[in-house]
Amino acid sequence: MVQFLQQVISGVSIGCVYALIALGFVLIYKATETVNFAIGELMMIGAFLGFTFIVIWSLPLWLAAIIAISATALLAAMLERVFLRPMVGEPAFAILVVTIGLGFCLRAAALMVPEWSSETVRIFTPLSGSVVRLGPIVISADHAAVIVATALIVTGFFVFFKRTRMGLAMQAVSQSQLAATYMGVRTRSVSTLAWLLAGAITAVAGLLLAPIAFIHVNMGVLGLKAIPAAIIGGFSSLPGAIVGGILLGVCESLAGFYLPAGFSEVAAYILVLVVLTIRPEGLFGETIHKRV
Amino acid sequence: MTQPLLTLSNVETYYGRIMAVRGVSLAVPEGAIVTILGSNGAGKSTILKTISGVMRPRKGAITFADKPLAGVEAADIVGLGISHVPEGREIFPFMTVRENILMGAYLRADRTHIEQDIEDWLDRFPILRERAGLPAGLLSGGQQQMLAICRAMMSRPKLLLMDEPSLGLSPMLTRQIFEIIREINERFGTTILLVEQNAKLALSTAHLGYVLEVGRIVLEGPTTELMDNADVKEFYLGLSNEGVRGERRWKRKKMWH
């Protein structure tokens, strides 16, 4: 039993990382209807910027994190302005291909940095090595930090969407772009803001991942897990993305422990198949239809 | 006579290569309710969308409160005092009723008055107050129309554009919505440009009317005159004199053709 809970908790913490990436993914999808396949690469860039500032430049941890998160956010916003804004009105498929291309370019760019490409690295934090005990369960402090940080970020997001003018405007745009324009919302600024926030949140995911897993230039593939996580949650639901991500992490962790080798890699996709068979709209699918 | 609040002169708007509005000129005097009648596809909604800036006219000029609207971004139009109740209502279905109304005040800076205005609008529509905390997508069609009107009025517009407010509503609800339109005009002095298929209600509510066919204005005048026009009577109000029809073997042609 203790072993089971142990696995569940470590699953939750990796699931939190998936959840954050999925949150960024869904945020962009809701605000701009763009399926962003470059989201994993944004996470990778965030993680490596963190690595550069913390390990190579030896900046204080908090300062390094702030710079890495802001830089990734700005990079994401810039990608939207330069590459995706001209695509407004083009077929969804064309836009999707642009994001795949951007993902490849980001990966290639990372490979050109000698300090990044040569090694798989890990960021050590002051927490590394210490543990948190909950009764008989032992959690590494890094894993616990991931869970706590995710909880804080998700709460922040909730407050942003419910309480702030800009948050309401973002919701409005995702529900009726036309009506939002009639209210005076500049929908294009909202797109940029969505990418900015998604960049920030994936950078956080990358930074949180760095102490608990190795980071390497190809870690963007991990970001693709955000897509099954989003699908499980209903694809356009922010709470769904978080629940989907955590569920995915737990399944993977349990599959890795109890099932033969290889199952943990496909657990995500088996889970997607099961969820979609039982509930095609996803766990949190929004199903209110427009009334005439 | 003072300048009209809104004038369109010779406006042409295209959907791709299809001309939807073919050189329309109209004038909306301040404080009036003006209606544009026309059947499906006549270009009524396109005129409203062109005024709101979400579609750009290829030719012609639009002037609002003596300022040309050419080149003004759609999102800035509401700030000038033009508010749009879109066709099909376009409420935000997953936001609460109250949040929907609040969105109407998006560009207003006077934070303290906004709360008061929301309360006032909820007082006018008790059913909305009852459901203020529910997602707006759960409201009935008529309630959504009321909500869309409240939301549009939150920007305190000088001109309210209304696109087919009766769409999909029962006759009773439709009359109620038109009553609301008249009240808004009388109480706030809001000028209203109303696009409607229900010609009878629109003519009895509005002061001035335009008849639009295939993108062109074919008839205009005070609604009292329009209601007496033989063509309007037959083709828009459905009043035809059966006795005369009996003698005729042909279908009456419209005067303007």
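The values are calculated or read from the model by the stated rules, or taken from the named source; none is laboratory data. Note that the structure is a prediction, hence the values are computed from the model and not measured. Virtual Cβ from ideal backbone geometry, glycine too; neighbours counted across all protein chains shown. We work out accessible area using only protein heavy atoms, side chains counted, and drop any ligands, DNA or RNA first. Shrake-Rupley method; radii C 1.70, N 1.55, O 1.52, S 1.80 Å.
Applying 1/(1 + (r/R0)^6) with R0 = 56 Å to the Cβ-Cβ distance of B:TYR15 and A:TRP62, what FRET efficiency is obtained, to the nearest 0.05?
0.55
So how do A:131-139, A:231-239 stack up, highest first, on mean other-Cβ count within 10 Å?
Taking the mean over residues of other Cβ atoms within 10 Å, the ranking is A:231-239, A:131-139.
Summing -39500 (n - 2.57) over the DSSP H runs of n ≥ 4 in chain A and dividing by its residue number, what mean residue ellipticity at 222 nm do you reach, to the nearest 500 deg cm²/dmol?
-23000 deg cm²/dmol
Please average, across the residues of A:184-192, the number of beta carbons from any other chain that are within 10 Å of each residue's own beta carbon, and give a whole number.
Other-chain Cβ atoms within 10 Å of each residue's Cβ, averaged: 3.
Need the list of aspartates and glutamates near B:LYS200 for cross-linking: C-alpha distance under 14 angstrom, and skip anything on the same chain fewer than eight residues off.
The qualifying aspartates and glutamates are B:GLU164, B:GLU179, B:GLU225, B:ASP228, B:ASP231, B:GLU234.
Sorting check: for A:106-118, A:175-187, which peptide has the highest mean count of neighbouring beta carbons within 10 Å, and how do the rest follow?
Taking the mean over residues of other Cβ atoms within 10 Å, the ranking is A:175-187, A:106-118.
Rg/Rh for the stretch B:109-155: what does it come to with C-alpha atoms and Rh from Kirkwood?
Rg/Rh for the stretch B:109-155 comes to 0.97.
Please work out the FRET efficiency for the pair A:ARG81 and A:MET112, using the Cβ-Cβ distance as r and a Förster radius of 25 Å; give the result to the nearest 0.05.
0.60
Which value, in Å², gives the accessible area per residue of the stretch B:13-94 when a 1.4 Å probe is used on the protein heavy atoms?
That works out to 40 Å² for each residue.
Tell me, what are the semi-axes, in whole angstrom and largest first, of the equivalent ellipsoid of the stretch A:38-164 as set by the roots of 5 times the Cα gyration tensor eigenvalues?
31, 22, 14
As a test of reading the structure, rank B:TYR236, B:TYR15 by solvent-accessible area (1.4 Å probe, protein chains only), most first.
Accessible-area ranking of B:TYR236, B:TYR15, largest first: B:TYR15, B:TYR236.
From the P(r) of the protein assembly as shown, could you give the percentage of C-alpha pairs in the tail past 30 Å?
Cα-Cα pairs of the protein assembly as shown separated by over 30 Å account for 58 percent.
Along the Cα-to-C-beta direction of A:VAL97, a point sits 7 Å from the Cα; which residues of the stretch A:57-91 have their amide N less than 17 Å from that point?
Taking a point 7 Å out along Cα→Cβ of A:VAL97, the residues of the stretch A:57-91 whose backbone N falls under 17 Å are A:83-91.
Given C-alpha coordinates of the stretch B:140-192, what is the ratio Rg to Rh with the Kirkwood estimate of Rh?
Ratio value, two decimals: 0.95.
What total accessible area, in Å², is buried where chains A and B meet, using a 1.4 Å probe and rounding to the nearest 100?
About 2800 Å² of accessible surface is lost on pairing.
Order of A:88-98, B:138-148, A:3-13 by packing, highest average Cβ count within 10 Å first?
With the highest mean Cβ count within 10 Å placed first, the list reads B:138-148, A:3-13, A:88-98.
Could you give the length gained on full extension between B:SER204 and B:LEU237, defined as 0.36 nm per residue of separation minus the Cα-Cα distance, in nm?
Result for the pair: 10.8 nm of gain on full extension.
Over 24 Å between Cα atoms: which of B:LYS44/B:LYS158; A:LYS30/A:LYS225; A:LYS162/A:LYS225; B:LYS49/B:LYS233 fall into that group?
A:LYS162/A:LYS225; B:LYS49/B:LYS233
Among all stretches of chain B without exposed trypsin sites (Lys or Arg not before Pro) (DSSP loop, at most 11 other Cβ atoms within 10 Å), which one is longest?
Of all site-free stretches, the longest is B:18-247.
Quick one: net charge of B:MET103's neighbours, Cβ under 12 Å, K/R +1, D/E -1?
+2
From the P(r) of the stretch A:139-190, can you give the percent of Cα pairs sitting at distances over 17 Å?
That tail contains 50 percent of the Cα-Cα pairs.
From the C-alpha coordinates alone, can you work out the Kirkwood hydrodynamic radius of chain B, in Å?
19.2 Å
Using the C-alpha gyration tensor of chain A, what are the square roots of 5 times its eigenvalues, in whole angstrom, with the largest one first?
Taking √(5λ) for each Cα gyration eigenvalue gives 30, 24, 18 Å.
Rounded to whole Å, give me the distance from the Cα center of the stretch B:148-174 to that of the stretch A:213-230.
Measuring centre to centre over Cα atoms gives 48 Å.
Residues of B:104-115, mean number of Cβ from any other protein chain within 10 Å of their own Cβ, rounded to a whole number?
Other-chain Cβ atoms within 10 Å of each residue's Cβ, averaged: 2.
What average number of partner chain Cβ atoms lie no more than 10 Å from the Cβ of the residues making up B:90-102?
5
Based on Cα positions only, what radius of gyration and what Dmax would you give for the stretch B:1-153, in angstroms?
According to the Cα coordinates of the stretch B:1-153, Rg and Dmax are 17.2, 47 Å.
State the percentage of accessible surface on the stretch A:8-220 attributable to carbon and sulfur atoms; use a 1.4 Å probe and exclude ligands, DNA and RNA.
Carbon and sulfur: 71 percent of the exposed surface of the stretch A:8-220.
Hey, if you put +1 on the Cβ of every Lys and Arg and -1 on every Asp and Glu Cβ in the stretch A:8-220, which of A:PRO136, A:SER174, A:TYR18 ends up farthest toward the positive end of that dipole?
A:SER174
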